[in-house]
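J.: The structure under discussion is supplied below as structure tokens; questions concerning it will follow.
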Amino acid sequence: MPLTVNGATVPLPDDPRVSLLDLLRDTLHLSGTKIGCNQGACGACTVLVDGERIVSCLALAVQYDGRAVTTIEGIADGETLHPLQAAFIEHDGFQCGYCTPGQICSAIGMAAELGRGMPSHVTGDLAATVVLDADELRERMSGNLCRCGAHNGIVAAILDVYGPAKVDQEVAA
Amino acid sequence: MSILEDAKQAVKGAAQAALQSAVQMAPDSWMPGGRPDPLIRERHGYTGRPVSRVDGAVKVRGVAPYAAEFPLDRMTYAALVFSTVAKGRIATLDTAAAEAAPGVVLVMTHRNAPRMQPMPLFMTSEKACGGNDLPIMQDDRIYWNGEPVALVLAETQAQADHAASLIRVAYVAEASVTDFGEAKAHGTEPGQFMGQPLRYDSGDAEAALAAAPHRVDARYTTPRHSHNAIELHAVTVAWQGETLRVHDASQMVAHMAWSLGHVFGLAEDQVHVTSPFVGGGFGGKGLWQHQVLAAAAAKLAGRPVRLMLSREGVYRIVGGRTVTEQRVAIGAQADGGFDALVHTGTVAMSHHNVLPEPFILPTRSAYASKTMKLDVEVAYLDMVANTFMRAPGEAVGTFALESAIDELAVAMDMDPIELRMRNEPDTDPTTGAPFSSREVEKAYRDGAARFGWAQRGTPGSRREGEWLIGTGVATATYPYYRMPGGAARITLTRHGHVTVDIAAHDMGMGTATAQSQVIADRLGVSMEQVTFRYGDSSLPGTVMAGGSQQTAAIGAAVVAAHRALVTELLKLAGNDSPLAGLDGDAVGGRDGGLARLDDPARHESYASILARAQRDTVVVEASAPMPLETMHWSMHSHGAMFCEVRVNAVTGEVRVSRFLGSFDCGRILNPKTAASQFRGGIIMGLGLALMEETQYDERSGRIMNPSLAEYHVPVHMDVPAIEVMWTDVPDPHTPMGARGVGEIGITGVGAAVANAVFNATGKRIRDLPITLDKLL
């Protein structure tokens, strides 16, 4: 099984030092995945690997042989934006747009974690079904920094798509 | 700065002062803004509507290209090596292993770098924008800890990074000053800002303070801050013959082209700088050494270069906000009226930049006082040049000033809002100029009602379990600026499509969106028919995205270009038009054409005018008038910042549970994007209040936390729902009635938080950031 990125098969780099992030940006020219620190502190490089969110700057590309990577360029359905992308525009969940791909990929991965019943630091009752309220969301998204200060819009956009009323069917779908 | 530069600044300052008094005495009608922009009356168009960003889709799809995202043939990738001493010389520099490393194309050091002029220092001429004016790899001298000493180019980033790690440098260190206390002991100099002294005296403030029946007198300190835009500083450069092509992340493309031209001995039109998307600026995305080094390396290698600084690299070579020590003393009568207002102190600066963090700026126009004394002294350090960061001066100055007001209110047992209102000035307290528009009281009244200020308790009186709860308030303030150099080109087609070209910027402020709304209204066309082109040094105008001035600078340039367009169209329309005989001032854009302002029935469409004249397009270009309105009137925005905090009585942890900003910034052009600007400023202010500090080793001048893991910025969990509201009272003397909204949000926040912490705990913290150790 080869490495795939947004469904397309991609050759692994010869140089084992190449990060998944550099492979995406420099070799594949998929520069929607951003670089903000190159040390796992900002979340701008978040991508989905088999549906789970990772920071691609701390991932060596050669480790991902056989895995399916989805980047921000693979989130929309052709011309139709993913509901979360549309919600980010509607709620003004960004200004400069640089942390945005990471926020969106991270939120999609987070919703899947929630669907699997994974608790967070602020989850009160570990036995109960986790409900995505604003605090759960803020805790789970705190690894994605935003310096323009679009936090309120980001939270509103994610709640709009994955909030309590919607989280079950979205994640199940 | 040299004695010659000081003298030039003094002459410039004196000339400016003379001009200012002449401009103040001139009649209103002579001023730009003397006749209100007709668009202020427009209430049914796009202006004022919450339109979503025009560049939203490309950003959420990840296809908007930022500076490091232009793939070029034969691209090389750069890595830098930084000095580890503050001052001295390079003793030995061993690059052999790096040169032999796989994939290496070039190792550049002072031995082989091309001869270049230093960067022209920011604000020393119209288009100068260098962050410092030091030699760049021209000799073996070291000027700060973190200065680039070598650059490696390689076929891949991994190869460049590895090769850079193989370079060995030894230094002969020389005595340096990296300790603020030592720098002060060496003596300070009076600070100057934009060619004018920061010192101001009115009456004998110290005597009035000593004689006042009520007074506070305290010292406040603020640390270094870093912009930390999430996009790392990056540039992609290529030489095309004698032309330098620069894909930059820039707040100032026209300045960049001129300044880089100066460095390499090129005319400004031989340097083409574009910057369509910028991943955050906040004052940090100007000209620093990395663009120069990338261009130099590209020249030596004969190949394109992409240079993206590491996060550490940003801290090493891009300056941030400097450290301040401030004294605020206020003397008041029993009714709260100020007899004396003293705001003085010292800031650190390098020898090679021009910004003595001007923390007294907000105090100049905030309050009436019988006497006043303002002063900023500068102590010099051998450190990376500090620079402009969001609301330079006001962000940290309002922390001290507005904390002191709160302290006085506590001492006098007065409501702090009431105390502020008692000292509202009738005219500008330092210049005497009339205010263009000032709705501070309304901002406070509306904000207090919305926030529930009346429910506030006495210090330490509210507690829920371990959590102490308190509220605080502070004034936000930032001036209206409009810098010279605005110019715009309008291209109107027969089909009614309008293209406006201006070398301005959209780093996420929403410039392109808000200006497209305004342009559509001004020309009377739909937004779909407007194209706003920006971020390109080949376009007209010199418009910096700084000082919250772009809205006004673009607005005034478009007003001028539109006036030229109307004149041209009336000429083309001729005597057969319903518009025949009308003066340019009497008509405006409406329903896809021109109409008489007070009789819209007299209308002719653009299509009709151009068809009759047998023209496919009309192109006009014009410059905005000099910004004399800023001297004629006192022009400032204000806000009332309300904060509720919860402080853990056991751990000292501070959580901001509520925040409301009530703003008076003239007319709001787009409530959606403006609200994001306000919130963004407030959130950066929460960082300033509670966590942000660029730590440096006072023994070596080295920044110790050059990382987003160790320099803390507010994360989602730190940011509550932030409420923002505004007066929406148009300023009659600005384009569109608007004043900029980019920087005011960060002002006042530090004090609002500190005042809330005092209300919660009874502890007054005068040293930022308010970390939990200070509350234990």
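J.: Among B:294, B:347, A:121, whose Cα lies farthest out toward the positive end of the dipole of the protein assembly as shown, if unit charges sit on the beta carbon of Lys, Arg (+1) and Asp, Glu (-1)?
T.: Farthest towards the positive pole: B:294.
J.: Given the peptides A:80-89, B:308-317, arrange them by the average over their residues of other C-beta atoms within 10 Å, most packed first.
T.: In decreasing order of mean packing, A:80-89, B:308-317 become B:308-317, A:80-89.
J.: How high is the FRET efficiency between residue B:44 and residue B:165 when r is their beta carbon distance and R₀ equals 60 Å, given to the nearest 0.05?
T.: On the way: r = 63 Å, r/R0 = 1.04.
In this case the efficiency is close to 0.45.
J.: Here's something else I'd like to know. Give me a single rounded figure for B:62-69: the average over its residues of other chain Cβ atoms within 10 Å of their Cβ.
T.: Averaged over the peptide's residues, the number is 6.
J.: Taking square-rooted eigenvalues a ≥ b ≥ c of the alpha carbon gyration tensor, is the range A:3-74 rounded, prolate or oblate, where a/c under 1.5 means rounded and, failing that, a/b exceeding b/c means prolate?
T.: rounded
J.: Any chance you could check the Cα centroid distance between the range B:363-440 and the range B:705-776 for me, in angstrom?
T.: Distance between centres, Cα-based: 16 Å.
J.: Positive end of the charge dipole of chain B (Lys, Arg +1 and Asp, Glu -1 on Cβ, about the Cα centre): tell me which of B:281, B:60, B:122 has its Cα farthest that way.
T.: After comparing all options, I get B:60.
J.: Who wins for biggest fluctuation among A:66, A:153, A:115 in a Gaussian network model of chain A, springs between alpha carbons below 10 Å?
T.: Maximum among the listed residues: A:66.
J.: Quick one: grab the alpha carbon gyration tensor of the protein assembly as shown, order the square roots of its eigenvalues as a ≥ b ≥ c, and give me rounded if a/c is under 1.5, else prolate or oblate depending on whether a/b is larger than b/c.
T.: rounded
J.: At 20 Å minimum axial length over the Cα atoms and a Kyte-Doolittle cut of 0.0, report the qualifying DSSP H helices in chain B, or say none. Intermediate values should be presented prior to the final figure.
T.: Values: long enough: B:3-25 (33 Å, 0.22); B:394-412 (26 Å, 0.96); B:550-573 (33 Å, 1.10); B:671-690 (28 Å, 0.70).
The qualifying helices are B:3-25, B:394-412, B:550-573, B:671-690.
J.: In the Gaussian network model of chain A, springs joining C-alpha atoms below 10 Å, which of A:50, A:65, A:77 carries the largest mean-square fluctuation?
T.: Sorting by GNM fluctuation, first place goes to A:77.
J.: Using Cα pairs closer than 8 Å and at least 6 residues apart in sequence, work out the relative contact order for the range A:3-74, in percent.
T.: The normalised contact order for the range A:3-74 reaches 43 percent.
J.: Would you tally the net charge around residue B:210, using a Cβ to Cβ cut-off of less than 12 Å, leaving residue B:210 out, and scoring K and R as +1, D and E as -1?
T.: -3
J.: So, one more: Does chain B come out rounded, prolate or oblate by the C-alpha gyration tensor, with a ≥ b ≥ c the root eigenvalues, rounded set by a/c under 1.5 and, if not, prolate when a/b is larger than b/c and oblate if not?
T.: It is oblate, given that a/c is not under 1.5 and a/b is not larger than b/c.
J.: Sort B:399-412, B:722-735 for me by packing, meaning the mean count of neighbouring Cβ atoms within 10 Å per residue, highest on top. Intermediate results must be reported in sequence, preceding the final value.
T.: Values: B:399-412: 24.6, B:722-735: 22.4.
Put in order of decreasing packing, that is B:399-412, B:722-735.
J.: With only Lys, Arg, Asp and Glu charged, each at its Cβ (+1 for the first two, -1 for the last two), find how big the charge dipole of chain A is about the Cα centre; round to the nearest 20 debye.
T.: 360
J.: Oh, and also: With charges set only on the Cβ (+1 for Lys and Arg, -1 for Asp and Glu), what does the dipole of the range B:109-261 come to about its Cα centre, in debye to the nearest 20?
T.: Taking the Cα centre of the range B:109-261 as origin, the dipole is about 140 debye.
J.: Going through the cross-link list A:34/B:299; A:34/B:285; B:370/B:763; B:87/B:184; B:87/B:285; B:127/B:285, which pairs have a Cα-Cα distance over 24 Å in this structure?
T.: Numbers: A:34/B:299 28 Å; A:34/B:285 17 Å; B:370/B:763 30 Å; B:87/B:184 19 Å; B:87/B:285 26 Å; B:127/B:285 15 Å.
Result: A:34/B:299; B:370/B:763; B:87/B:285 exceed 24 Å.
J.: Given B:592, B:618, B:578, which one lies farthest toward the positive end of the charge dipole of the range B:578-676, if we put +1 on the Cβ of every Lys and Arg and -1 on the Cβ of every Asp and Glu?
T.: B:592
J.: Here is a follow-up. Mind checking the dipole of the protein assembly as shown: about its Cα centre, +1 per Lys or Arg Cβ, -1 per Asp or Glu Cβ, Debye to the nearest 20?
T.: In debye, rounded to 20, the protein assembly as shown gives about 620.
J.: In peptide B:706-717, what is the residue-averaged number of other protein chain Cβ atoms found within 10 Å of each Cβ?
T.: 6
J.: What value, in deg cm²/dmol to 500, does the helix sum -39500 (n - 2.57) over DSSP H runs of n ≥ 4 give at 222 nm once divided by the residues of the protein assembly as shown? Intermediate results must be reported in sequence, preceding the final value.
T.: Numbers: 24 runs with 262 residues, N = 949.
That comes out to -8500 deg cm²/dmol.
J.: Expressed as a whole number of Å, what is the distance separating the alpha-carbon centroids of the range B:299-334 and the range B:514-588?
T.: Here the two parts' Cα centres lie 36 Å apart.
J.: How do B:247, B:638, B:352 line up, fewest other C-beta atoms within 10 Å first?
T.: Values: B:247 24, B:638 28, B:352 21.
So the residues, fewest neighbours to most, are B:352, B:247, B:638.
J.: Can you list the HN-Hα couplings for the range B:122-130, worked out from phi with the Karplus curve (6.51, -1.76, 1.60; θ = phi - 60°), rounded to whole Hz and with x for Gly and Pro?
T.: Result, ordered by residue: 2, 6, 7, 8, 3, 10, 6, 9, x Hz.
J.: If you average the alpha carbon positions of the range A:113-136 and of the range B:67-88, how far apart do those two centres end up, in angstrom?
T.: 43
J.: Sticking with this one: So for B:507, B:544, fewest C-beta neighbours within 10 Å to most, what's the order?
T.: B:544, B:507
J.: Something else about it: In degrees from 0 to 90, rounded to the nearest 10, what is the angle of the helix A:100-115 Cα long axis to the longest principal axis of chain A?
T.: Relative to chain A, helix A:100-115 is tipped by roughly 60 degrees.
J.: Just to check I understand the Karplus step: with θ = phi - 60° and J = 6.51 cos²θ - 1.76 cosθ + 1.60, what whole-Hz values come out for the range A:155-163, glycine and proline as x?
T.: 3J(HN,Hα) across the range A:155-163, in whole Hz: 4, 4, 5, 5, 5, 4, 8, 10, x.
All of the numbers you see were taken from the coordinates with simple rules; none came from a lab. Quick caveat, the model's predicted, so the values are computed rather than measured. Note that each Cβ is placed from the backbone with ideal geometry, even for glycine, and that neighbours are counted across all protein chains shown.
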